[in-house]
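Report on the structure given below.
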Amino acid sequence: MARAITEIENEIRSLPPKAQERLLHVLLEELDGPPDAGAEEAWLQEIQRRSRELDEGSVETVSAEEVFARLRKRLKAHGR
């Protein structure tokens, strides 16, 4: 018979942090499944495109402070 989930959870909590981290990593990989074919190449192309746009000056950067200020404003407008 399968062990109770609570028993497994308690065992996990008793593990050292590094072991918990390793277990979490393994479980997330299992849930995510195999990587999409071509995903790495697609990300590389996207990174290169964005880098080119920055180098050419064809895009405007926004500071993190501005991004968070805009986000706070939007959240307030929606009552959050």
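Put a dot 7 Å past the Cα of Arg13, heading toward its Cβ, do the same for Ser58, and the two dots end up 5.5 nm apart. With only the Cα atoms considered, the chain has a convex hull volume of 238 Å³ per residue. Just grab the label-to-label distance for Gln20 and Lys73, each label 7 Å out from Cα along the Cβ direction, in nm (one decimal). So the label points at Gln20 and Lys73 sit 4.0 nm apart.
Grab the DSSP H runs of the chain that are 4 residues or longer, score each as -39,500 (n - 2.57), total them, divide by all residues and round the 222 nm result to the nearest 500 deg cm²/dmol.
For the chain, the value works out to -23500 deg cm²/dmol.
Loop-located GluC sites (Glu not before Pro) across region 19-64 with a Cβ neighbour count of 15 or fewer within 10 Å are Glu60, with loop assigned by DSSP. Neighbour counts of other Cβ atoms within 10 Å put Leu23, Leu28 in the fewest-to-most order Leu28, Leu23. Starting from the Cα-Cα distance between Ser51 and Glu30, subtract it from 0.36 nm times their residue separation and give me the gain in nm to one decimal. My answer for the length gained is 4.3 nm.
Only the coordinates and a few stated rules stand behind these numbers; no lab work does. Computed from a predicted structure; not experimentally measured. A quick note on method: Cβ atoms are made from the backbone with ideal geometry, for glycine too, and the neighbour counts reach across all protein chains shown.
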